[in-house]
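Data block below; observations after.
The values are calculated or read from the model by the stated rules, or taken from the named source; none is laboratory data. What you see is a predicted model, and the numbers here were worked out from it, not measured in a lab. Cβ coordinates were reconstructed from backbone atoms using ideal geometry, including for glycine residues, and neighbour counts include every protein chain displayed. Only protein heavy atoms, including side chains, enter the accessible area calculation; ligands, DNA and RNA are left aside. Shrake-Rupley method; radii C 1.70, N 1.55, O 1.52, S 1.80 Å.
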Amino acid sequence: VMDLGTAVASAWSSGISVYGVAALLGIAGRLGWIPTPDLLRSPWTIAVAAVLFLVELVVDKIPYVDSAWDVAHVVIRPMVGGYLVTTTGDTELSVPALAVVGAALALSSHAAKSSTRLLINASPEPISNVVTSVAEDGLVAGVMTLAIVAPRVAFVAALVLAVLSTIVAVVVFRSARRVRTRWRERGNRSDSTRRP
């Protein structure tokens, strides 16, 4: 049975790096650092998650490809987040309620990540994409370190991050819509000037 703090922090982190979280939890479980579900400790699960994590590390730094990857994982990340929180026994909530909490945590970070990437991809230079990806990886590494060594601190941190990431997602999504609208208006103006 996974600690509630570990599960909550892992669920939030899975919204950004689902395969990295799964691989780390599996390895941590096999090494006896923390209790984790049998499914995550499976050598096959760890191997597949590790390979997909490496793929994600590369894909996540390529403009537009990263956004396509995010779209492909809009269901996977919340599903894994929901599953992770259901593996805890530190609460009296029902399994469906735990699944909803976990999915919401993962969805909050996923929404912040994907909306931020949409806005960044509107910029022609690729450097900000790489910097953002590295920062996200560092944030997940920090949260997951807390999830393993200090679950109670990780619990509080994950809840704060969930609120912040939800706010970021809303603000950035609105900004991205404004940028797209401006681009369309510019495109329409250029089309009209080209017409005789």
Report task. Output the qualifying pairs, or none if there are none: Cβ atoms under 6 angstrom, residues six or more apart or on different chains, first residue in region 78-99 and over 19 Å from Pro35 (Cβ atoms), second residue open to solvent by 50 Å² or more (accessible area, probe 1.4 Å). Result -> Pro78/Leu107
Query - Test result for Ala147, open to solvent by less than 40 Å² (accessible area, probe 1.4 Å), in contact (Cβ under 8 Å) with a residue 40 or more places away in the chain and more than 23 Å from Gly26 (Cβ to Cβ) - result: no
Requested in this report: Among the numbered conditions (1) out of contact with any Pro (no Cβ under 7 Å at 6 or more places or on another chain); (2) open to solvent by less than 60 Å² (accessible area, probe 1.4 Å); (3) part of a helix (DSSP H, G or I), tell me where Asn129 comes up short.
Outcome: (1)
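Sort out which residues of region 30-70 are hydroxyl-bearing (Ser, Thr, Tyr), open to solvent by less than 60 Å² (accessible area, probe 1.4 Å) and under 18 Å from the mean Cα position of the chain (by Cα), and write them in order of number. Before you say what the answer is, go through the steps one by one.
Going residue by residue through region 30-70, those that are hydroxyl-bearing (Ser, Thr, Tyr) are 36, 42, 45, 64, 67.
From what is left, the residues that are open to solvent by less than 60 Å² (accessible area, probe 1.4 Å) are 36, 42, 45, 67.
The one that is hydroxyl-bearing (Ser, Thr, Tyr), open to solvent by less than 60 Å² (accessible area, probe 1.4 Å) and under 18 Å from the mean Cα position of the chain (by Cα): Ser67.
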Report task. Kindly check whether there is at least one residue in region 90-109 that is in contact with a strand residue (DSSP E or B) (Cβ under 9 Å, 6 or more places away or on another chain), under 19 Å from Leu159 (Cβ atoms) and of a type in the set (A, V, I, L, M, F, W, C). Result -> yes
Report task. Go through the residues of region 30-44 one by one and say whether even a single one is out of contact with any Ser or Thr (no Cβ under 9 Å at 6 or more places or on another chain), under 26 Å from Leu146 (Cβ atoms), aliphatic (A, V, I, L, M) and modelled with pLDDT of 95 or more. Result -> yes
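Looking only at residues that are part of a loop (DSSP other than H, G, I, E, B) and open to solvent by less than 70 Å² (accessible area, probe 1.4 Å) in region 75-124, which one is farthest from Val172 (Cα to Cα)? Explain how you work it out, then say what you get.
Quick first cut of region 75-124, residues part of a loop (DSSP other than H, G, I, E, B) only: 75, 87, 89-94, 122-124.
This time we only want the ones that are open to solvent by less than 70 Å² (accessible area, probe 1.4 Å), so: 87, 89, 91, 94, 122-123.
Working: Thr87: 32, Gly89: 36, Thr91: 34, Ser94: 34, Ala122: 12, Ser123: 14 Å.
Per the stated criteria, the residue is Gly89.
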